[in-house]
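The values are calculated or read from the model by the stated rules, or taken from the named source; none is laboratory data. Worth saying up front: this structure is predicted, and the values here are computed from it rather than measured. No Cβ is skipped: glycine too gets one built from the backbone with ideal geometry, and neighbour counts run over all protein chains shown. Ligands, DNA and RNA are excluded from the accessible area calculation, which covers all protein heavy atoms including side chains. Shrake-Rupley method; radii C 1.70, N 1.55, O 1.52, S 1.80 Å.
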Amino acid sequence: MKIGESEKKNLPFFLICAGGIVILILIGIIPNNNKLYMLDTEIAKKKNEIQTQEFLFPIYTDIIKTNPKKDLEGLPFQEKKNMPESEIADIPKIFSKLAEEFNIKLKSVNPDPNTLDKKNKLLAVHIDLEGKFFDYRNFLIKLIGIPYLEFVENIQVNVLNDNLNMNIKLWLTIE
């Protein structure tokens with residue numbers, strides 16, 4: 001079978017069209033098919049999570065009804081209030097008195113005025129302490145009772161011989 005002149009002219013166009021179709025399949029259809037498969041598996045996972053939540057919700061409500069929320073006893077929670085700006089200079093004295101109460105050596109207390117946020121009225125304070133483990137426990141329990149303590153950002157504990165060195169970064173609310 002011989003290929004005619006007109007067929008020889010059409011062969012390059014045919015190959016270009018066939019190549020375009022193959023490229024379209026490789027670039028457009030196969031990746032979209034893979035994405036659809038991934039979405040289907042994600043939908044199946046979400047449906048499974050929903051079914052699990054529907055199963056567990058009645059159990060959760062029963063637990064909540066049978067165990068009413070009780071106040072935490074023994075922790076010194078107080079109503080939050082802001083520290084007057086006039087008392088910022090007394091921050092080292094406050095934490096020094098607190099540390100002495102629990103036989104902890106206060107190495108340093110550094111309020112950081114650069115962190116004073118005018119909008120939220122927050123002030124970062126870095127505290128460096130040294131003492132025994134159980135003294136720290138009592139110190140931290142008393143610390144959360146300070147009414148102008150907003151939150152404790154970081155506590156780092158290092159072991160030094162028989163003592164622990166604790167670095168605390170906390171934030172206080174200021175008027």
Mind telling me which of the residues GLU150, GLU100 ends up being in contact with a Leu (Cβ under 7 Å, 6 or more places away or on another chain) and open to solvent by 60 Å² or more (accessible area, probe 1.4 Å)? GLU150
Does LEU140 count as open to solvent by 30 Å² or more (accessible area, probe 1.4 Å), modelled with pLDDT under 85 and not polar (S, T, N, Q)? no
Of everything in region 110-137 that's within 22 Å of GLU175 (Cα to Cα) and of a type in the set (A, V, I, L, M), which residue is modelled with the lowest pLDDT? LEU116
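Go through LYS46, LYS65, LYS8, LYS107 for me and flag whichever is at negative phi, assigned to a helix (DSSP H, G or I) and at pLDDT 85 or above.
LYS46
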Quick check on region 122-137. Is at least one of its residues surrounded by 15 or more Cβ atoms within 10 Å (Cβ to Cβ) and part of a helix (DSSP H, G or I)? yes
Given the structure, is LYS80 of a type outside the set (S, T, N, Q), at pLDDT below 85 and surrounded by 14 or more Cβ atoms within 10 Å (Cβ to Cβ)? no
Here is a check on your reading of the model: is ILE25 surrounded by 10 or more Cβ atoms within 10 Å (Cβ to Cβ) and modelled with pLDDT under 85? yes
